[in-house]
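Below is one structure; the comments refer to it alone.
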Amino acid sequence: VQLVESGGGLVQAGGSLRLSCSVSGSIGSIVTMGWYRQTPGKQRELVAVITSGGTTNYADSVKGRFTISGDFPKNTVYLQMNSLKPEDTAVYYCKVRRSWGINYWGNGTLVTVSS
(Lines give C-alpha, C1' and ligand atoms only; values in the text may rest on other atoms or scores of the structure.)
Protein backbone atom coordinates (compact mmCIF):
# COMPACT_ATOMS: atom_id res chain seq x y z
CA VAL A 1 0.00 0.00 0.00
CA GLN A 2 1.34 3.41 -0.97
CA LEU A 3 -0.06 6.88 -0.35
CA VAL A 4 1.03 9.57 -2.78
CA GLU A 5 0.39 13.21 -1.95
CA SER A 6 0.55 16.07 -4.39
CA GLY A 7 -0.38 19.72 -4.65
CA GLY A 8 1.97 21.32 -2.17
CA GLY A 9 4.06 24.33 -3.02
CA LEU A 10 4.72 27.98 -2.39
CA VAL A 11 1.84 30.43 -2.23
CA GLN A 12 1.34 33.96 -0.97
CA ALA A 13 -0.78 34.67 2.04
CA GLY A 14 -4.44 34.76 1.07
CA GLY A 15 -3.91 32.31 -1.73
CA SER A 16 -5.19 28.77 -2.25
CA LEU A 17 -3.83 25.30 -2.77
CA ARG A 18 -5.46 21.92 -3.27
CA LEU A 19 -3.78 18.83 -1.92
CA SER A 20 -4.53 15.35 -3.22
CA CYS A 21 -3.71 11.95 -1.82
CA SER A 22 -4.19 8.74 -3.74
CA VAL A 23 -3.90 5.27 -2.30
CA SER A 24 -2.48 2.52 -4.42
CA GLY A 25 -2.38 -1.13 -3.62
CA SER A 26 -4.84 -3.44 -1.97
CA ILE A 27 -5.95 -1.66 1.18
CA GLY A 28 -9.36 -3.12 1.80
CA SER A 29 -12.10 -1.12 3.43
CA ILE A 30 -11.12 2.45 4.33
CA VAL A 31 -12.81 3.90 7.39
CA THR A 32 -11.37 7.41 7.46
CA MET A 33 -9.05 9.57 5.40
CA GLY A 34 -7.41 12.66 6.75
CA TRP A 35 -4.74 15.29 6.61
CA TYR A 36 -2.22 16.17 9.28
CA ARG A 37 0.57 18.70 9.36
CA GLN A 38 3.85 19.13 11.12
CA THR A 39 6.37 21.92 11.57
CA PRO A 40 9.92 21.52 12.92
CA GLY A 41 9.99 20.93 16.65
CA LYS A 42 6.26 20.39 16.93
CA GLN A 43 4.05 17.35 17.06
CA ARG A 44 2.06 16.31 14.06
CA GLU A 45 -1.45 17.71 14.35
CA LEU A 46 -4.79 16.91 12.83
CA VAL A 47 -5.95 19.28 10.12
CA ALA A 48 -9.07 17.56 8.83
CA VAL A 49 -10.58 14.10 8.60
CA ILE A 50 -13.48 12.57 6.73
CA THR A 51 -15.24 9.29 7.39
CA SER A 52 -16.63 6.89 4.83
CA GLY A 53 -20.04 8.12 5.93
CA GLY A 54 -19.16 11.68 5.01
CA THR A 55 -18.67 13.10 8.48
CA THR A 56 -15.93 15.70 8.65
CA ASN A 57 -13.91 17.18 11.45
CA TYR A 58 -11.53 20.13 11.34
CA ALA A 59 -8.93 21.72 13.54
CA ASP A 60 -10.25 25.01 14.90
CA SER A 61 -7.42 26.87 13.19
CA VAL A 62 -8.60 25.87 9.70
CA LYS A 63 -12.38 25.89 10.08
CA GLY A 64 -14.01 28.02 7.43
CA ARG A 65 -10.86 28.06 5.29
CA PHE A 66 -10.09 24.42 4.51
CA THR A 67 -12.40 21.79 3.06
CA ILE A 68 -11.75 18.07 3.02
CA SER A 69 -13.43 15.78 0.54
CA GLY A 70 -13.04 12.14 -0.21
CA ASP A 71 -13.69 9.75 -3.05
CA PHE A 72 -13.76 6.49 -1.15
CA PRO A 73 -14.40 4.20 -4.15
CA LYS A 74 -11.28 5.70 -5.73
CA ASN A 75 -9.31 5.80 -2.47
CA THR A 76 -8.53 9.46 -2.90
CA VAL A 77 -8.79 12.36 -0.50
CA TYR A 78 -8.47 16.08 -1.16
CA LEU A 79 -7.84 19.15 0.94
CA GLN A 80 -8.88 22.50 -0.49
CA MET A 81 -7.03 25.24 1.36
CA ASN A 82 -8.21 28.82 0.96
CA SER A 83 -7.19 32.08 2.63
CA LEU A 84 -3.85 30.58 3.51
CA LYS A 85 -1.81 32.15 6.26
CA PRO A 86 1.92 31.99 6.98
CA GLU A 87 1.14 29.88 10.04
CA ASP A 88 -0.28 27.21 7.72
CA THR A 89 3.26 26.55 6.52
CA ALA A 90 4.06 22.91 7.27
CA VAL A 91 4.58 19.49 5.81
CA TYR A 92 1.14 18.04 5.19
CA TYR A 93 0.65 14.31 5.55
CA CYS A 94 -2.17 12.14 4.33
CA LYS A 95 -3.37 9.38 6.64
CA VAL A 96 -5.75 6.57 5.81
CA ARG A 97 -7.28 4.27 8.40
CA ARG A 98 -8.68 0.95 7.32
CA SER A 99 -10.65 -1.61 9.23
CA TRP A 100 -9.00 -3.11 12.32
CA GLY A 101 -7.51 0.28 13.09
CA ILE A 102 -4.59 -0.04 10.71
CA ASN A 103 -3.14 3.30 9.64
CA TYR A 104 -1.15 4.22 6.57
CA TRP A 105 0.77 7.46 6.08
CA GLY A 106 2.04 9.31 3.07
CA ASN A 107 5.51 10.83 2.90
CA GLY A 108 4.26 14.38 3.11
CA THR A 109 4.06 17.40 0.87
CA LEU A 110 5.45 20.80 1.81
CA VAL A 111 3.19 23.83 1.88
CA THR A 112 4.88 27.19 2.26
CA VAL A 113 2.86 30.37 2.69
CA SER A 114 4.76 33.60 2.31
CA SER A 115 3.68 36.83 3.98
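Things worth noting here:
- Percent accessible area from carbon and sulfur atoms, the chain, protein chains only, probe 1.4 Å: 47 percent
- Computed log10 I(q)/I(0) for the stretch 44-88 at 0.18, 0.19 Å⁻¹: -0.54, -0.60, from the Debye equation with unit scatterers placed on every C-alpha and solvent omitted.
- Rounded to the nearest 10 square angstrom, K85 shows an accessible area of 80 square angstrom against a 1.4 Å probe.
- Computed about the Cα centre, the dipole magnitude for the chain is approximately 120 debye when only Lys and Arg (+1) and Asp and Glu (-1) carry charge, each at its Cβ.
- Amide H within-cut-off set for K85, under 5 Å, with H built and near neighbours excluded: G14
- The candidates L79, L46, arranged from most to least accessible area with a 1.4 Å probe in the full protein assembly, appear as L46, L79.
- The 3J(HN,Hα) values that the Karplus relation (6.51, -1.76, 1.60; θ = phi - 60°) gives for the stretch 11-19 are, in residue order, 9, 7, 3, x, x, 10, 9, 10, 8 Hz. Gly and Pro appear as x.
- Phi-based couplings in Hz for the stretch 34-46 (Karplus 6.51, -1.76, 1.60; Gly and Pro marked x): x, 10, 10, 9, 8, 10, x, x, 10, 6, 5, 10, 5
- Over the chain, the pair-distance histogram of Cα-Cα distances with 10 Å bins from zero comes to 15, 50, 29, 6, 0 percent, rounded to whole numbers.
- Separation of the stretch 1-19 from the stretch 44-115 is 10 Å, based on Cα centroids.
The values are calculated or read from the model by the stated rules, or taken from the named source; none is laboratory data. The model shown is predicted, which means the values in this text are computed figures rather than measured ones. For neighbour counting, all protein chains shown are included, and Cβ atoms are generated from backbone atoms with ideal geometry for every residue, glycine included. What goes into the accessible areas is simple: the full protein's heavy atoms, side chains included, and nothing from ligands, DNA or RNA. Shrake-Rupley method; radii C 1.70, N 1.55, O 1.52, S 1.80 Å.
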